[in-house]
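Presented below is the structure to which this report refers.
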Amino acid sequence: MPVRPFPTKSQYRSQEFDGGAIDSSDEGYLVAYIDGGARGNPGPAGYGVVIEDEIGRPVAELSEFLGRQTNNYAEYSGLLAVLNYTRGHGFKALKVVSDSELMVKQINGEYKVSNATLKELHARAMKMIDQLDYFEIKHVLREKNRDADRLANLAMDRGIAKRAPAVSATDVGGVASVIPELNGVVRNGIVEFLGNPLPDGTLVKVRAASPAARK
């Protein structure tokens, strides 16, 4: 059953407008096609999102490389990205199309969420969905979601080529800024980073290298 189903007759009226795509919540609702993937599962992961207005006019495209993650993590990251976009642009109604049957059924309450990481992402998604007036999510086969799949693969290609750092579970959804690789040294068992200090709360992943390898 849909989470917050649309009424039979929508109060949103973008179909009455001529010209470009909608750009405010007064004009209509958004339709988002999302996809996420990981090469290796887990492996290099990314998501892609294609956002349209209710009559199919393009509104935005979102994509992001997520580092080494799972397929399901990437799918939820795509959902969080479009929820952030919807909220950030003042829209109160959203329809989502995804080829992840697992995520769709978890969001619709048909499946339980057992994985700890997915529980966190699921909780964040549900909190944002609760702030919308209307929300629906449905499953389609991958061949009917090709544009989002293309963007997800482009994100993975970019990340692999640039060896981009992973994005943490607290930052997914297009709100994180990618922090470049940093150097540091260990003194008395404590890692001291070189250069400018990092903001409090920054997630850091450490890869050890011998002193000779750093020369």
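The values are calculated or read from the model by the stated rules, or taken from the named source; none is laboratory data. Bear in mind that the values here come from a model prediction, so they are computed numbers and not experimental data. Every residue, glycine as well, gets a Cβ built from its backbone with ideal geometry; the counts of neighbours run over all protein chains shown.
Here is a list: G90, G67, G78. Which entry is of a type in the set (G, A, S), within 20 Å of P42 (Cβ to Cβ), touching a residue at least 40 places away in the same chain (Cβ under 8 Å) and surrounded by fewer than 22 Cβ atoms within 10 Å (Cβ to Cβ)? Every option except G67 fails the conditions. Only residues that are touching a Leu at 6+ places or on another chain (Cβ under 6 Å) and assigned to a helix (DSSP H, G or I): list them for segment 78-123, please. A81, T86 - these are the residues of segment 78-123 that are touching a Leu at 6+ places or on another chain (Cβ under 6 Å) and assigned to a helix (DSSP H, G or I).
Output yes when any residue across segment 36-59 is at pLDDT below 95, surrounded by 15 or more Cβ atoms within 10 Å (Cβ to Cβ) and hydroxyl-bearing (S, T, Y), and no when none is. No: zero hits. Of the conditions (1) within 23 Å of V82 (Cβ to Cβ); (2) among the aliphatic types (A, V, I, L, M); (3) modelled with pLDDT under 85, V140 fails just one. Which one is it? Going through (1) within 23 Å of V82 (Cβ to Cβ); (2) among the aliphatic types (A, V, I, L, M); (3) modelled with pLDDT under 85 one by one, V140 breaks only (3).
Being more than 20 Å from R57 (Cβ to Cβ), hydrophobic (A, V, I, L, M, F, W, C) and exposed (fewer than 14 other Cβ atoms within 10 Å of the Cβ) is not true of A152.
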